[in-house]
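One structure is given below, encoded as structure tokens.
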């Protein structure tokens with residue numbers, strides 16, 4: 001019986017699904033095509049005229065796939081982990097993650113943020129990117145922008161916006177090279193889970209869990225579990241500008257996090273060295289950061 005893989009139908013999502021299918025087929029010595037890829041159109045794909053934060057947030061990327069998984073239409077689903085809510089249904093289990101890609105953002109339209117013209121229009125619907133840009137360059141005009149990678153590139157090419165930010169990992173997975181300038185993570189800390197492909201299955205499907213575990217990367221798993229523990233404790237929504245990154249170094253994780261006001265004028269940040277598997281410390285960091293945050297930031301989070 002072939003395994004059925006559920007995914008969004010965007011070019012990037014399909015590219016990631018094919019990478020996962022190929023890795024599984026290779027690890028299990030299955031013939032090419034043994035994993036059947038089933039694309040789904042999600043609410044996030046259908047709604048293109050408004051920021052997702054205004055119409056339901058990250059759940060719009062996952063709810064159709066969650067339903068298909070829970071009802072048994074597919075055996076597992078592949079996601080970009082930065083688009084997956086930190087609180088997931090009990091019936092769904094994150095079974096595997098692939099090695100993390102390039103977690104940097106790339107600036108399209110200028111060689112650096114400093115080189116953007118005064119008052120330049122920058123297209124992004126990410127509250128994190130918007131707050132980070134406003135923090136560094138209050139003169140910039142942040143313009144909501146939606147659509148797949150090619151659509152966003154064309155908006156810059158056609159002059160609808162002066163620049164945009166895209167994930168380096170996504171561009172690479174689409175085979176798009178030589179575009180834009182990679183911004184160091186020290187300048188733009190990425191979103192929690194950025195550049196990580198995650199694979200979910202049903203919590204009670206131990207056979208599929210076992211198969212998926214054969215292509216999982218333990219270091220990446222430890223890193224995103226720390227990042228997701230941080231965001232869970234914050235109680236953030238898609239309106240909440242938050243950045244977090246855990247990097248493995250000498251057996252431990254260097255963890256750094258930031259939370260912003262919407263306009264980027266206020267920022268709280270912290271960092272720690274934590275053990276792999278430690279989800280308590282990132283959660284405590286989140287609570288500590290909220291305690292000392294101004295009202296402009298605290299109002300954007302709803303911790304349990």
Review point. In percent, what relative contact order does region 105-183 have, based on Cα pairs under 8 Å that are 6 or more apart in sequence?
Key: 49 percent
Exercise for review: Take every Cα pair under 8 Å in region 232-298 that's 6+ residues apart, average their separations, divide by the length, and report that relative contact order as a whole percent.
Suggested key: 31 percent
Point to revise | For 177, 265, 62, order by how many other beta-carbon atoms lie within 10 Å, fewest first | key: 177, 265, 62
Practice item. Identify which of the listed values of Cα Rg over 2.2 N^0.38 Å was calculated from the structure shown: (1) 0.98; (2) 1.56; (3) 1.03. Key: (1)
Point to revise | residue 237/residue 29 FRET efficiency (R0 51 Å; Cβ-Cβ; nearest 0.05) | key: 0.70
Exercise for review: Pull out a ≥ b ≥ c, the square roots of the eigenvalues of the alpha-carbon gyration tensor of region 232-298, then state rounded if a/c is under 1.5, prolate if not and a/b is larger than b/c, and oblate in the remaining case.
Suggested key: prolate
Practice item. At 0.36 nm per residue, minus the direct Cα-Cα distance, what do residue 41 and residue 18 gain on full extension? Give it in nm, one decimal, please. Key: 6.6 nm
Review point. Which of 181, 231, 151 moves most in a GNM of the chain, Cα contacts under 10 Å?
Key: 151
Review point. How far, in nm, would the chain grow between residue 210 and residue 299 when pulled straight, counting 0.36 nm per residue and subtracting the alpha carbon separation?
Key: 27.9 nm
Exercise for review: Compute the distance in nm between two label points, each set 7 Å from the Cα along the Cα-to-Cβ direction, one at residue 271 and one at residue 177.
Suggested key: 3.1 nm
Point to revise | Share antiparallel - DSSP beta bridges, the chain, percent rounded to 5 | key: 75 percent
Exercise for review: May I ask you to sort 112, 96, 86 by Cβ crowding, counting other Cβ atoms within 10 Å and putting the fewest first?
Suggested key: 112, 86, 96
Review point. What value, in deg cm²/dmol to 500, does the helix sum -39500 (n - 2.57) over DSSP H runs of n ≥ 4 give at 222 nm once divided by the residues of the chain?
Key: -10000 deg cm²/dmol
Exercise for review: Take the chain, connect every pair of alpha-carbon atoms lying under 10 Å apart with a spring to form a Gaussian network, then pick out the residue of 223, 243, 21 with the largest mean-square fluctuation.
Suggested key: 21
Check your understanding: In what order do 183, 199, 247 fall by count of nearby beta-carbon atoms within 10 Å, going from fewest to most?
Key -> 247, 183, 199
Exercise for review: Would you kindly state how much longer the chain becomes between residue 73 and residue 87 on full extension, computed as 0.36 nm times their sequence separation minus their alpha carbon distance, in nm to one decimal?
Suggested key: 2.8 nm
Exercise for review: With r as the distance between the Cβ atoms of residue 280 and residue 154 and R0 = 41 Å, compute the FRET efficiency 1/(1 + (r/R0)^6) and round to 0.05.
Suggested key: 0.35
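Here, each number is a calculation from the coordinates, and none is a lab measurement. Please read all numbers here as calculations on a predicted model, not as lab measurements. We place every Cβ from the backbone using ideal geometry, glycine too, and count neighbours over all the protein chains shown.
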